[in-house]
Amino acid sequence: MNELEERLVALEEKFSYQDELVNELNKIVAEQQTAIEFLVKEIKGLSEQAATGSSNEKPPHY
């Protein structure tokens, strides 16, 4: 192979690794977004629960 072909092959290899890395990072970001959405819903539910709860109620250990 001549120098140009070797450089092209090296670039193709680098691109292949970067493409794989981008796909892996995309998957991680999607999983994190799902977790964030779940946690936001949980926080909203807990906030609503705390807002509707009576402040006169004693905790169960009393």
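The values are calculated or read from the model by the stated rules, or taken from the named source; none is laboratory data. As the structure is a prediction and not an experimental result, all values here were calculated from the model. Cβ coordinates were reconstructed from backbone atoms using ideal geometry, including for glycine residues, and neighbour counts include every protein chain displayed.
In this structure, is residue 45 at negative phi and surrounded by fewer than 10 Cβ atoms within 10 Å (Cβ to Cβ)? No: the conditions fail for residue 45.
Within the stretch 6-27, residues that are surrounded by 10 or more Cβ atoms within 10 Å (Cβ to Cβ) reach partners that are not acidic (Asp, Glu) with beta carbons closer than 8 Å, at six or more positions or on different chains, in the pairs 9/1. With respect to the conditions (1) assigned to a helix (DSSP H, G or I); (2) modelled with pLDDT under 95; (3) not polar (S, T, N, Q), residue 41 falls short on a single one, namely (2).
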